Each structure stands twice: as structure tokens, then as C-alpha cells.
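> My structure is below; once you've seen it, I'll send some questions.
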Amino acid sequence: MFQAVDYLSGQEWRVAIVTALVCLFVGLAVVSVLQLRMRRQTQVLNAALNNMAQGLVMFDAGQRVVTFNQRYLEIYRLSPDAIKVGCTVRDLLRVRADAGTAIGDAQQYIDNLIKSVAAGKIVSRTVELSDGRSILVVNSPLPDGGWVATHEDVTE
């Protein structure tokens, strides 16, 4: 019922331990290189987004903010900590209402937007803000049910 177990000699143990340590260090090096590449790609993407003339907000299928750029904050005069990744479109519109840059009936806006996104339609409209500025908003559906919204000040 019991099988005899061959024990490793001292030399074999050392080889096994060294091999395991080498594998561990190689694995850690690969992970570090991948993290460095991801960090660099994130920096490049952030640089591109924050140098756009348009404001940008991307939402997932759950109507939550995935990313946004600095220009979006500037257009709607929002502080850098006003919105966070993960907040809902409703939260975002509430923050804009508090800043005085809301767009009327938030629920109706959301309902129409979600209906258009679900139908795969690009929706474009110019929004007049209370301070007299005109903002062109283009909502473009994504295959996963989310959407990208670009915002451009077209007042001039």
C-alpha cells in the first residue's frame, strides 16, 4: 500500500532550489517588464487624450465613466476631483448641474442617450450652456454597449 519514496540527495536538493529560484526571478523580471510597458502605454494614452482640443468621456455598458480627459473638465469648469472613473452618467450630470453647466432634464437626456446607444446610432447635438457657450456633443456607441462622448466648444 505504501510506496517507497526516493529522497533527493543534498546535491539534487541544491539544484532543485537553485532552479526554483531562477524560475522565480525570471518570472518577476517578466512581470516587471510588462508593468513598465503598461505604465508607458498609459502615459502615452494620457498624453494623447489630454492634448486633444475636444473634451472626451468614455462610458462602459453599465453607464459608468471609464476615462475622461482634462479638456472635458475645462469645458464644463469642473475641478480635477469632481468626477472619478467609475461614477455613473447620472453622477456626472449631477456634478455638472452643481457647476452650472447642466443640460436640462437629466433623466430624459439619459433615457434618449441610452436608447440611441442601444440602437447603435451616433447622436450629435449642440448644447447651449447657461453662460452662453455652445458645446457640440457627439455620442458614439461602442460594440460592448458603452459609448464615447466628445465635447467641443463651438461658441465662436
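The values are calculated or read from the model by the stated rules, or taken from the named source; none is laboratory data. Keep in mind it's a predicted model, so treat the numbers as computed, not measured. Backbone-built Cβ (ideal geometry, glycine too); neighbour counts: all protein chains shown. Protein only, heavy atoms only, side chains kept; ligands, DNA and RNA dropped before computing areas. Shrake-Rupley method; radii C 1.70, N 1.55, O 1.52, S 1.80 Å.
> Within region 113-126, restricting attention to residues that are open to solvent by less than 80 Å² (accessible area, probe 1.4 Å) and within 23 Å of the chain's Cα centre (by Cα), which residue is nearest to Asp153 (Cα to Cα)?
So the residue we want is Ser124.
> State all residues of region 80-112 that are within 15 Å of Val65 (Cβ to Cβ), charged (D, E, K, R) and open to solvent by less than 90 Å² (accessible area, probe 1.4 Å); if no residue qualifies, say none.
Asp91, Arg96
> Among what's in region 30-79 and is modelled with pLDDT of 90 or more and among the polar types (S, T, N, Q), pick the residue that is surrounded by the fewest Cβ atoms within 10 Å (Cβ to Cβ).
Residues of region 30-79 that are modelled with pLDDT of 90 or more, as a first pass: 54-79.
Now drop any that are not among the polar types (S, T, N, Q), which leaves 54, 63, 67, 69-70, 79.
Details: Gln54: 18, Gln63: 19, Thr67: 14, Asn69: 21, Gln70: 15, Ser79: 9.
Across region 30-79, the extreme among qualifying residues is Ser79.
> Please work out which one of (1) in a helix (DSSP H, G or I); (2) within 18 Å of Val137 (Cα to Cα) is the condition Thr67 fails and give its number.
Exception for Thr67: condition (1).
> Being surrounded by 12 or more Cβ atoms within 10 Å (Cβ to Cβ) and of a type in the set (Ser, Thr, Tyr) is the filter; apply it to region 127-154 and report the residue that is farthest from Thr67 (Cα to Cα).
The qualifying residue farthest from Thr67 (Cα to Cα) is Ser134.
> Gln54 passes all but one of (1) without any contact (Cβ under 8 Å) to a residue 24 or more places away in the chain; (2) of a type in the set (S, T, N, Q); (3) over 17 Å from Gly146 (Cβ atoms); which number fails?
Gln54 satisfies all of (1) without any contact (Cβ under 8 Å) to a residue 24 or more places away in the chain; (2) of a type in the set (S, T, N, Q); (3) over 17 Å from Gly146 (Cβ atoms) except (1).
> Condition first: under 26 Å from Leu129 (Cβ atoms) and over 19 Å from the mean Cα position of the chain (by Cα). Can you find one or more residues in region 81-95 that meet it?
Keep residues of region 81-95 that are under 26 Å from Leu129 (Cβ atoms), which gives 81-95.
So of that shortlist, the ones also over 19 Å from the mean Cα position of the chain (by Cα) come out as 94.
Yes, region 81-95 contains a residue that is under 26 Å from Leu129 (Cβ atoms) and over 19 Å from the mean Cα position of the chain (by Cα).
> Let me spell it out: the conditions are (1) within 26 Å of Pro141 (Cα to Cα); (2) part of a helix (DSSP H, G or I); (3) free of Cβ contacts under 8 Å to residues at least 40 places away in the same chain, and Tyr72 meets all of them except one. Which number is the exception?
Result: Tyr72 passes all but (3).
> Report whether or not Gly55 is of a type outside the set (A, V, I, L, M, F, W, C) and over 23 Å from the mean Cα position of the chain (by Cα). Give the derivation first.
On the way: of a type outside the set (A, V, I, L, M, F, W, C): yes; over 23 Å from the mean Cα position of the chain (by Cα): no.
For Gly55, the condition - of a type outside the set (A, V, I, L, M, F, W, C) and over 23 Å from the mean Cα position of the chain (by Cα) - is not met.
> Give the residues of region 57-69 that are aromatic (Phe, Trp, Tyr) and without any contact (Cβ under 8 Å) to a residue 40 or more places away in the chain, sorted by residue number.
First, pick out the residues of region 57-69 that are aromatic (Phe, Trp, Tyr): 59, 68.
Residue satisfying the conditions is Phe68 alone.
> Separate question: Which of (1) in a helix (DSSP H, G or I); (2) modelled with pLDDT of 85 or more is the odd one out, the single condition Ala82 does not satisfy?
For Ala82, the exception is condition (1).
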